[in-house]
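As structure tokens, the structure follows; a few thoughts come after it.
The values are calculated or read from the model by the stated rules, or taken from the named source; none is laboratory data. Worth saying up front: this structure is predicted, and the values here are computed from it rather than measured. As a convention, Cβ positions derive from the backbone with ideal geometry for all residues, glycine included, and neighbour counts pool all protein chains shown. Accessible surface areas use protein heavy atoms only, side chains included; no ligands, DNA or RNA. Shrake-Rupley method; radii C 1.70, N 1.55, O 1.52, S 1.80 Å.
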Amino acid sequence: MPPRKKIRVVYRKLGREKAIGQSSSPLFTPPHKGRDIELDERLKDKKLFETFLHECLHHALPTAAEEEILRIEKEIAPVMYAEIKENLKKYFP
């Protein structure tokens, strides 16, 4: 089996899709095709981080239901965001 392509993050306006983020499922994307995470380019700071984490979880857990993805996101996003924000302040004042 050929290796899967690297996950690519694409920023664009997603208004027509009525979404702020979306990902191509590893279950339904052939190995030779690109695996994209699309994020709305208008997202900022915390919402951008939460949406990126959410779409990454879809890639890591492709069979998980949306409710499970949301539960995991809501549990770990605040902790991760706070830690990243604190370290950025510490190392890049």
- Note on the structure: For residue 35, the lone unmet condition from (1) open to solvent by 40 Å² or more (accessible area, probe 1.4 Å); (2) closer than 17 Å to residue 8 by Cβ is (1)
- Residue selected from the stretch 46-93 under the condition open to solvent by 60 Å² or more (accessible area, probe 1.4 Å) and part of a loop (DSSP other than H, G, I, E, B), by the criterion nearest to residue 9 (Cα to Cα): 61
- Which of (1) at pLDDT 85 or above; (2) touching a Ser or Thr at 6+ places or on another chain (Cβ under 6 Å) is the odd one out, the single condition residue 35 does not satisfy? (1)
- Taking the stretch 16-29, which residues are exposed (fewer than 11 other Cβ atoms within 10 Å of the Cβ), out of contact with any Pro (no Cβ under 8 Å at 6 or more places or on another chain) and at pLDDT below 85? 28
